[in-house]
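Before any comments, here is the structure.
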RNA sequence: GAGGGUGUAGCUCAGUCGGUUAGAGCGUCGGCCUGUCACGCCGAAGGUCGCGGGUUCGAGCCCCGUCAUCCUCGCCA
């Protein structure tokens with residue numbers, strides 16, 4: 001079928017086009033039928049323009065939402081009273097002279113033209129009819145933003161001598177980390193390919209291959225439970241460099257991020273402040289000040305530690321925690337002193353929900369209200385711990401917390417790990433409640449010097465924190481036999497606003513160091529051969545020193561769009577169980593395919 | 001694997017203490033309307049109250065089970 005093709009885009013028609021004949025192609029966004037006059041907002045991917053159809057032009061044609069049109073007409077100015085200030089094209093309209101319906105549209109499953117209502121429409125329905133959902137300008141903008149982001153990343157790296165290399169999707173299972181997605185191998189039933197959880201080994205092999213600077217926009221596959229920010233397949237900017245130090249990798253990724261993100265903020269008019277150079281902090285600092293390895297640095301409220309000050313306290317909860325080798329740490333809740341008992345109870349319940357045995361609290365005021373303890377310096381203390389603490393202890397806590405009158409000071413006494421976990425979450429919770437997590441800010445930071453290994457209590461062994469090829473810091477190798485937990489790695493994360501964005505490391509390139517690493521994490525020679533033989537072989541042929549990093553593309557877009565759900569930034573996402581309601585995948589296969597693959601399904605085990 | 005929320009018209013939701021024929025807005029269909037832009041006005045159609053079982057004289061509502069979905073914990077080197 002032939003049709004008249006567009007001479008202009010809907011969204012670009014302006015006063016300057018008045019008098020011109022234009023042809024537009026697009027979808028009917030919305031209709032206003034006044035009987036003798038018929039208005040259509042015509043939409044293409046660039047925007048909307050109003051068409052005015054006289055009765056003789058419109059005729060008996062059946063126009064409804066999402067009908068596909070080719071329209072020819074004259075651009076006319078609107079009378080000042082009729083200007084629509086909400087539209088960039090609102091000063092003009094196109095008076096149609098010719099109109100062709102290119103395709104009709106059925107009754108829609110949801111209101112495509114109403115962005116407000118679409119915010120509440122059931123997700124499953126949106127994903128099932130994704131091709132309609134993506135017609136919305138806000139969704140198209142996400143696709144365009146993502147494409148621009150990937151394009152800029154590629155350009156940035158191309159200009160710096162990186163080579164984009166594709167690595168296989170059909171690869172080998174490495175039973176570690178996440179569950180693999182498996183693909184049956186027809187020629188040898190019982191053998192399977194695995195889809196890559198990341199191209200980690202390939203990129204290191206490319207360094208052995210002398211590529212020196214590699215990157216890839218890489219799909220990664222992990223068969224694990226879903227979360228708001230996790231999909232079974234997701235995209236990373238995977239990159240690796242040879243003959244580099246940690247500093248080289250960091251400065252590259254920082255420069256790239258600043259350049260690309262700031263250009264996107266500008267070009268897409270995103271409601272974000274320009275991104276500043278990255279903050280740097282060590283893993284230890286991060287745990288001490290924020291309780292986790294992905295701090296939200298948009299606000300302060302660092303955790304504080306009063307273990308020393310309350311070690312001999314009359315407050316039994318604190319004393320016994322310290323005697324058991326634990327810590328007493330806390331976080332300040334600005335203005336929390338005005339919370340009711342019930343509200344403070346809710347904060348305590350929040351803490352208990354993450355494993356705290358309880359939460360002690362004090363609040364400080366300047367008036368001698370009933371039940372308050374006089375600190376003798378014009379300040380008065382209330383709270384669950386107020387009476388049990390000595391004035392010196394109380395003052396030490398207030399000083400450590402930097403508490404001002406009116407603040408609530410929340411304290412948790414427990415093991416180091418529990419205080420970190422509970423207080424890091426409480427800090428974010430307080431940040432939310434106090435409105436400190438500013439949507440305009442993107443605060444990027446490097447977290448450095450992660451431990452090389454951590455102790456796996458269940459298995460009674462050391463596990464790699466990152467992966468077995470991560471290089472230890474040379475100067476820390478002296479702890480290898482005496483205190484492996486103290487060895488730091490040349491390993492780094494980029495975090496943004498409390499979310500892990502990128503993770504990378506300098507890799508081990510010396511066989512003797514690699515052998516000691518395997519020894520430390522309890523991987524014997526036989527297991528090394530079977531699981532890592534190919535890469536160890538490769539390293540024996542002159543592997544250069546190398547390292548890399550892999551930022552998440554989906555999350556990068558989420559930062560920029562303020563989406564809290566990763567589905568919003570993926571064209572065709574899957575639902576919670578990994579199900580795609582549009583394609584109806586995964587699906588059964590036909591009998592012949594079962595047969596060809598040499599597969600059968602075992603009956604489900606009977607539940608106990 | 002565990003916990004919580006949701007499930008009523010095409011969409012978004014209301015539905016009182018368990019009690020008459022399950023409602024509203026939007027959309028759809030029909031009619032009217034020459035300056036609308038969330039057009040307006042009049043009218044109509046449209047329901048397996050997720051599914052199965054139970055309690056009850058009577059269940060959208062209570063109970064048990066189940067399915068789907070969302071969020072969280074665990075998990076994700």
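The values are calculated or read from the model by the stated rules, or taken from the named source; none is laboratory data. Computed from a predicted model, the values in this text were never measured in an experiment. Quick reminder, even Gly has a Cβ in these numbers, built from the backbone with ideal geometry, and neighbours come from all protein chains shown.
Within the range A:280-304, restricting attention to residues that are more than 13 Å from residue A:498 (Cα to Cα) and surrounded by fewer than 16 Cβ atoms within 10 Å (Cβ to Cβ), the residue that is nearest to the chain's Cα centre (by Cα) is A:280. Looking across the range A:530-559, the residues that are outside any helix (DSSP H, G or I) and out of contact with any strand residue (DSSP E or B) (no Cβ under 8 Å at 6 or more places or on another chain) come down to A:540, A:541, A:542, A:543. For the range A:514-529, give me each residue that is more than 34 Å from the chain's Cα centre (by Cα) and assigned to a helix (DSSP H, G or I). Those that are more than 34 Å from the chain's Cα centre (by Cα) and assigned to a helix (DSSP H, G or I): A:515, A:516, A:519, A:525, A:526, A:527, A:529. Does residue A:30 qualify as being over 28 Å from residue A:131 (Cα atoms), touching a residue at least 12 places away in the same chain (Cβ under 8 Å) and out of contact with any helix residue (DSSP H, G or I) (no Cβ under 7 Å at 6 or more places or on another chain)? So residue A:30 fails the test. Need the failing condition index for residue A:135 against (1) surrounded by 15 or more Cβ atoms within 10 Å (Cβ to Cβ); (2) within 16 Å of RNA strand B (Cβ to nearest atom); (3) within 32 Å of the chain's Cα centre (by Cα); (4) not in a loop (DSSP other than H, G, I, E, B), just the number. Evaluating residue A:135 over (1) surrounded by 15 or more Cβ atoms within 10 Å (Cβ to Cβ); (2) within 16 Å of RNA strand B (Cβ to nearest atom); (3) within 32 Å of the chain's Cα centre (by Cα); (4) not in a loop (DSSP other than H, G, I, E, B) leaves (4) as the failure. Among the conditions (1) in contact with a helix residue (DSSP H, G or I) (Cβ under 9 Å, 6 or more places away or on another chain); (2) not in a loop (DSSP other than H, G, I, E, B), residue A:151 misses just one, which is (1).
Checked against (1) at pLDDT 90 or above; (2) out of contact with any helix residue (DSSP H, G or I) (no Cβ under 8 Å at 6 or more places or on another chain); (3) outside any loop (DSSP other than H, G, I, E, B), residue A:587 passes all but condition (3).
For residues in the range A:119-131 being within 8 Å of RNA strand B (Cβ to nearest atom) and farther than 16 Å from residue A:564 by Cβ, which is surrounded by the most Cβ atoms within 10 Å (Cβ to Cβ)? Here the residue is A:127. Filtering the range A:490-520 to residues that are touching a residue at least 60 places away in the same chain (Cβ under 8 Å) and surrounded by fewer than 16 Cβ atoms within 10 Å (Cβ to Cβ) leaves only A:499.
Assess whether residue A:154 counts as being in contact (Cβ under 8 Å) with a residue 24 or more places away in the chain, within 23 Å of the chain's Cα centre (by Cα) and surrounded by fewer than 19 Cβ atoms within 10 Å (Cβ to Cβ).
Working: in contact (Cβ under 8 Å) with a residue 24 or more places away in the chain: yes; within 23 Å of the chain's Cα centre (by Cα): yes; surrounded by fewer than 19 Cβ atoms within 10 Å (Cβ to Cβ): yes.
The answer is yes for residue A:154.
Kindly establish whether residue A:51 is near RNA strand B (Cβ under 10 Å from one of its atoms), over 26 Å from residue A:133 (Cβ atoms) and either surrounded by 13 or more Cβ atoms within 10 Å (Cβ to Cβ) or over 36 Å from the mean Cα position of the chain (by Cα) (or both). Give the steps one after another, and end with the answer.
Details: near RNA strand B (Cβ under 10 Å from one of its atoms): yes; over 26 Å from residue A:133 (Cβ atoms): no; either surrounded by 13 or more Cβ atoms within 10 Å (Cβ to Cβ) or over 36 Å from the mean Cα position of the chain (by Cα) (or both): yes.
Taking the combined requirement at face value, the residue does not satisfy it.
The criterion of at least 3 residues that are closer than 25 Å to residue A:289 by Cβ is met, among strands (runs of 3 or more DSSP E) falling completely within the range A:301-387, by A:327-333, A:360-365.
Restricting attention to the range A:184-230, the residues being within 10 Å of RNA strand B (Cβ to nearest atom) and in a loop (DSSP other than H, G, I, E, B) number 11. When only residues in the range A:457-475 that are more than 27 Å from the chain's Cα centre (by Cα) and surrounded by fewer than 18 Cβ atoms within 10 Å (Cβ to Cβ) count, which is farthest from RNA strand B (Cβ to nearest atom)? Ranking the qualifying residues of the range A:457-475, first place goes to A:475.
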